[in-house]
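Student: Can you read through this structure? Questions will come right after.
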Amino acid sequence: MSLTHARGRPKRSVTYMRDRPRRWPNRPADRRKAEARTGRLFTAPAMFLLLIFLIIPIALALSLGFTDAKLSSPQPTRWVGLSNFEELLSIKKVTLDDARVRELAGPEGTVRTALRSLTKNGSGTPYEGMSVLSDSVAADGKSGSFWLAGDPLFWKSLRNTAVFALVVVPVQGGLGLLLALLVNSKFRGRVFFRTVFFLPVVMSMVVVSILWAFIYQEDGLVNNAIKAVYPSWDPVAFLADPSTALPAIVVMSIWQAVGFHMIIWLAGLQTIPGELYEAAKMDGAGPWRTFTSVTWPGLRHTFVFVLVTITISALGLFTQINVMTKGGPLDSTSTLVYQAFAEGYGKQRIGYASAISFVFFVLVLCVALIQRRLTREKDA
């Protein structure tokens, strides 16, 4: 029965009020839509920042890579298509035998003279404007094979960057783990050693680079220390020798950053429950067995983080090169980031520097995807 108001108007039945549909989402589909709207609202600020500081700069760099834009030039910017990328990535091999050398340079000509006739501007050959990247010339100089590149410095920089990363990533990560295991042990003064190992991290990379540039001089600390052990040692200017410049920077970079990754490993070690170590001890597991069965599986996620951070830092090598060597000697320490900087701000070729930056971005993205794929397979 319907209830009645004091004024005599009928009131809606209780059953009808219960049957009215509610105004808030009650069905699973409605709840999912509401949650999606809320999620988009919360992620909007982060997406806006990514758009402004990541997506738009990448798009601008890619667009500038197709132009001949210069940092300061009275000439208007022209669209050059793929010419910047062709110059950057082009690489060819040419082999010249004795007959070909005679044809190009005459009976008395050498293989290098013949090569210059192929690569000089206006030659009309597929090798026009290219430079020698590496060569293999016969003893008589009448034949040889050459690898030519549109920009040999790019390939040297790519090689130096790869060598630096391949050495720094495992050595720095492994040394950081070793230091973390040492300072995680219970002994007197471990806080002091944690501070000492981490101290180089808080120092500016520019300051560290300047200090180590003095240490690597002929009369620096390294040569004096070696000479104290081996009196017959002949002092070496490490940063002035193409064979020692890059290894010297590798050593300095590992020393400066290993403390940071030691702290990351240490944080991962302290998340492993102590009961697991007690169980391993009760089962008679030795130190190595305990590490492989308890410690390392517990550090799986820490390993992924350390691997990614070291790789990104190694591939972005710039400050040490800019302060200590300027890419020398003989381009033995030039890296992709430093080359892009030198082309853009040194030679003012913004278009070409943008092409280098975009290629570098693609390479780093490929490395990150490969690492992600490998770590995902391990997790599975």
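The values are calculated or read from the model by the stated rules, or taken from the named source; none is laboratory data. Remember, predicted model here, so these are calculated numbers, not experimental data. Backbone-built Cβ (ideal geometry, glycine too); neighbour counts: all protein chains shown. All accessible areas refer to the heavy atoms of the entire protein, side chains included, with ligands and DNA or RNA removed. Shrake-Rupley method; radii C 1.70, N 1.55, O 1.52, S 1.80 Å.
Student: For residue 188, work out the one condition from (1) surrounded by 10 or more Cβ atoms within 10 Å (Cβ to Cβ); (2) assigned to a loop (DSSP other than H, G, I, E, B); (3) charged (D, E, K, R) it doesn't fulfil.
Tutor: Against the list (1) surrounded by 10 or more Cβ atoms within 10 Å (Cβ to Cβ); (2) assigned to a loop (DSSP other than H, G, I, E, B); (3) charged (D, E, K, R), residue 188 comes up short only on (1).
Student: Which ranges mark the helices (runs of 4 or more DSSP H) fully within the range 286-369 that have 1 or more residues being modelled with pLDDT under 90? Quick ask: steps written out before the conclusion?
Tutor: Working: elements: 287-290, 300-315, 319-324, 336-341.
Qualifying helices (runs of 4 or more DSSP H): 287-290, 300-315.
Student: Within the range 84-107, how many residues are in a loop (DSSP other than H, G, I, E, B) and open to solvent by 70 Å² or more (accessible area, probe 1.4 Å)?
Tutor: Going residue by residue through the range 84-107, those that are in a loop (DSSP other than H, G, I, E, B) are 90, 97, 106-107.
In the following step, the residues that additionally are open to solvent by 70 Å² or more (accessible area, probe 1.4 Å) were identified as 97, 107.
Result for the range 84-107: 2.
Student: Right, something else. Would you point out the residue of the range 73-83, among those that are touching a strand residue (DSSP E or B) at 6+ places or on another chain (Cβ under 8 Å) and in a loop (DSSP other than H, G, I, E, B), that is surrounded by the most Cβ atoms within 10 Å (Cβ to Cβ)?
Tutor: At the first step, the residues of the range 73-83 found to be touching a strand residue (DSSP E or B) at 6+ places or on another chain (Cβ under 8 Å) are 77-80.
From the residues that got through so far, the ones that are in a loop (DSSP other than H, G, I, E, B) too are 77-78, 80.
Values: 77: 13, 78: 11, 80: 18.
Among residues in the range 73-83 that are touching a strand residue (DSSP E or B) at 6+ places or on another chain (Cβ under 8 Å) and in a loop (DSSP other than H, G, I, E, B), the one surrounded by the most Cβ atoms within 10 Å (Cβ to Cβ) is 80.
Student: Shifting gears a bit: Filter the range 55-70 down to residues that are under 26 Å from the mean Cα position of the chain (by Cα) and open to solvent by 80 Å² or more (accessible area, probe 1.4 Å) and give me whichever is farthest from residue 353 (Cα to Cα).
Tutor: 55
Student: Enumerate the pairs (first residue in the range 86-101 and free of Cβ contacts under 8 Å to residues at least 60 places away in the same chain and closer than 20 Å to residue 144 by Cα; second residue anywhere and open to solvent by 80 Å² or more (accessible area, probe 1.4 Å) and part of a strand (DSSP E or B)) with beta-carbon separation below 8 Å, excluding pairs fewer than 6 apart on the same chain, so at least 6 apart or on different chains.
Tutor: 92/147; 93/147
Student: I want to confirm something. Restricting to the range 336-370 and keeping residues that are out of contact with any Phe, Trp or Tyr (no Cβ under 7 Å at 6 or more places or on another chain) and of a type in the set (Ser, Thr, Tyr), which single residue is surrounded by the fewest Cβ atoms within 10 Å (Cβ to Cβ)?
Tutor: 345
Student: Only residues that are over 18 Å from the mean Cα position of the chain (by Cα) and either open to solvent by 40 Å² or more (accessible area, probe 1.4 Å) or basic (Lys, Arg) (or both): list them for the range 139-170, please. Break it down into steps so the answer makes sense when it comes.
Tutor: Step one: list which residues in the range 139-170 are over 18 Å from the mean Cα position of the chain (by Cα), which gives 139-153.
Within the range 139-170, 139, 140, 142, 147, 153 qualify.
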